[in-house]
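Below is one structure, written out as structure tokens, with a few remarks after it.
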Amino acid sequence: SKLAALFEHPLYNIPVPEVTEKDKLFIVNPMEKFSLRSSGSDEWVSSSKAETLLPTGKTAYDTYPTWLKFHISINRYELYPRRDPLLPMLLRDLATQRIISSVQKSGGTQLKLIMTFPNYGQALFKPMKQTRDQETPIDFFYFSDFERHNAEIAAFHLDRILDFRRIPPVSGRLVNITKEIWDITTDKKLAKTFFISPAGNVCFYGECSYYCSTEHALCGKPDRLEGSMAALLPDKTLAKRRSWRSPWRRSYHKSKKAEWELNPNYCAQVRETPPYNSGHRLLDLIDMTILDFLMGNMDRHHYETFEKFGNDTFLLHLDNGRGFGTHSRDEPSILAPLQQCCSIKKSTYLRLQLLATQPYRLSDVLREALATDPLAPVLAEPHLQALDRRLGKVLVVVGHCLA
């Protein structure tokens, strides 16, 4: 296993700083019963019995459901530990737990559902919109592209292989539209959008600002539909998150360019602007840039951090559905922060060099990681080959900077 060998490598065993009480997202008394009450948010508890104490019986940590252990383990330095024994269990839960509620998630441009499990865990479901081998048409703007369920799955594994561990766990899942969405939804707006197509397939389209119409309906075969199931982060009422506008955000306009596209010295002014003028925030942003370039994701307008940790913490790499849309061409402008700032974490650079060598080749380790997903193969082969090519280009840019 190349993947196992990679994670045994010294570069993947650099210790994180000691985690003190103030570095933990939640401080939990291990002797106390964990009470999960409705916080009034659709992201946390849906219409089921929200006042039930969880878990019953013993109050020890090992009786907590896996999703809760995941939330409790989040700290200032990482979303989950490198050698996390919970990870396989959490991925299995996302793929197999019975779904007792499906409601549409508000906001966003495309249809997403919040699904709830009997143990109060929840997942964000993004349905399949196109096949693995369909590339984004060359005349499409990045902001009008489809979101891809398989990109969410692949992004999680790629982020882990790069040792960032900033994307919540994601698993693929085959969902029965009739039994696991239509029959159990309490969302009246969503319920109105189900129909049977002329081919006899069960379809629905929900309500959203783009691609929510009969023409863009999501249809099963006849009612089986692929999708990605992402573990939800703790509810914002329990763990506030701050949203930051990326300094290298695109203009989201068909003809206007952003300032960074016109000013080659743009990084100089970013370096003088808080929070990029101190700490490792700029370097973390460049990590995210490299992840996005490898995936071909141009749609990174914001990122988030946990408010509790202030400016000294990692960035959350959320919403990666617009990655892996093209394999036949690369988008060099995604690397602008790296090119303009000529800065990269030494640890990131050393890992990228390692992933460019034969024993740990990036495409091989990602292919191996994705082979365990219920929807394997997750990526078409040309996307895996493109990763090696793009990794080479990142190393060339760093080489120019070093020169």
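The values are calculated or read from the model by the stated rules, or taken from the named source; none is laboratory data. This one's a predicted model, so the numbers in the text were calculated from it and none came from an experiment. Cβ placement follows ideal geometry from the backbone for every residue including glycine, while neighbour counts extend to all protein chains displayed. SASA here: full protein model, heavy atoms, side chains in, ligands and nucleic acids out. Shrake-Rupley method; radii C 1.70, N 1.55, O 1.52, S 1.80 Å.
Return the whole-Å distance between the Cα centroid of segment 306-350 and the Cα centroid of segment 78-142.
Centre-to-centre (Cα) distance: 21 Å.
If I take all pairs of Cα atoms in the chain, what percentage of them are more than 27 Å from each other?
Of all Cα-Cα pairs in the chain, 52 percent lie more than 27 Å apart.
Could you tell me the extents of segment 241-402's C-alpha atoms along the three principal axes, largest first, rounded to whole Å?
On the principal axes, segment 241-402 reaches 43, 37, 36 Å in Cα extent.
Roughly what would the spin-label model give for Asn176 and His302, points 7 Å off Cα along C-beta, in nm?
Using points 7 Å along Cα→Cβ, the separation is 3.7 nm.
Which value, in Å², gives the accessible area per residue of the chain when a 1.4 Å probe is used on the protein heavy atoms?
Value returned for the chain: 45 Å² of accessible area per residue.
Please build a GNM for the chain, connecting alpha carbons under 10 Å apart, and tell me which residue among Pro234, Pro65, Pro337 fluctuates the most.
Pro65
Do you know the relative contact order of the chain, to the nearest whole percent, from alpha carbon pairs under 8 angstrom that are 6+ apart?
The value is 18 percent.
By how many nm would the segment from Trp244 to Ile184 grow when fully extended, if each residue of separation counts as 0.36 nm and the alpha-carbon distance is taken off?
Going from the current span to full extension adds 18.0 nm.
Can you give me the % of accessible surface on the chain that is carbon or sulfur? Probe 1.4 Å, all protein chains present, nothing else counted.
55
May I ask for the distance between the Cα centers of segment 218-255 and segment 389-403, given as a whole number of Å?
30
Given C-alpha coordinates of segment 262-349, what is the ratio Rg to Rh with the Kirkwood estimate of Rh?
Result: Rg/Rh = 0.96.
Please go through the residue pairs Lys129/Lys192; Lys126/Lys221; Lys105/Lys179; Lys105/Lys189; Lys2/Lys112; Lys112/Lys189 and name each one whose alpha carbons sit more than 23 Å apart in this structure.
Result: Lys2/Lys112 exceed 23 Å.
At 7 Å along Cα-to-Cβ for each site, give me the label-to-label distance between Ala95 and Lys221 in nm.
1.9
Contact order normalised by length for segment 241-402, with contacts defined as Cα pairs under 8 Å and 6 or more residues apart; what percent is it?
24
Run the helix sum for the chain: -39,500 (n - 2.57) per DSSP H stretch of 4+ residues, divided by residue count, reported at 222 nm to the nearest 500 deg cm²/dmol.
The per-residue figure over the chain is -8000 deg cm²/dmol.
Under 10 Å, Cα contacts only: if you run a Gaussian network model on the chain, which one of Glu368, Glu18, Glu135 comes out with the highest mean-square fluctuation?
Glu18
Say each of Arg82 and Gln358 gets a label point 7 Å from the Cα, pointing the same way as Cα to Cβ; how far apart are those two points in nm?
Inter-label distance under the simple model: 2.6 nm.
What FRET efficiency, computed as 1/(1 + (r/R0)^6) with R0 = 22 Å and r the Cβ-Cβ distance, is obtained for Gln130 and Ile196, rounded to the nearest 0.05?
Step by step, r from the Cβ atoms, then E = 0.50.
Applying the Karplus parametrisation 6.51 cos²θ - 1.76 cosθ + 1.60 with θ = phi - 60° to the phi angles of segment 337-344, what ³J(HN,Hα) value in whole Hz is obtained for each residue in order, glycine and proline being reported as x?
Whole-Hz 3J(HN,Hα) from phi for segment 337-344: x, 5, 5, 7, 8, 6, 9, 7.
At R0 = 41 Å, how high is the FRET efficiency between Glu259 and Thr63 if r is their beta carbon distance? Nearest 0.05 is fine.
Efficiency, rounded to the nearest 0.05: 0.20.
Given a cut-off of under 8 Å on Cα pairs at least six residues apart, what relative contact order in percent is computed for segment 156-253?
28
Specify the residue with the greatest mean-square fluctuation among Phe26, Phe306, Phe324, computed from a Gaussian network of the chain linking alpha-carbon atoms under 10 Å apart.
Phe26
Could you sort Ile138, Ile72, Ile286 by accessible area so the largest value comes first, with the probe set to 1.4 Å?
Sorted by accessible area, descending: Ile138, Ile72, Ile286.
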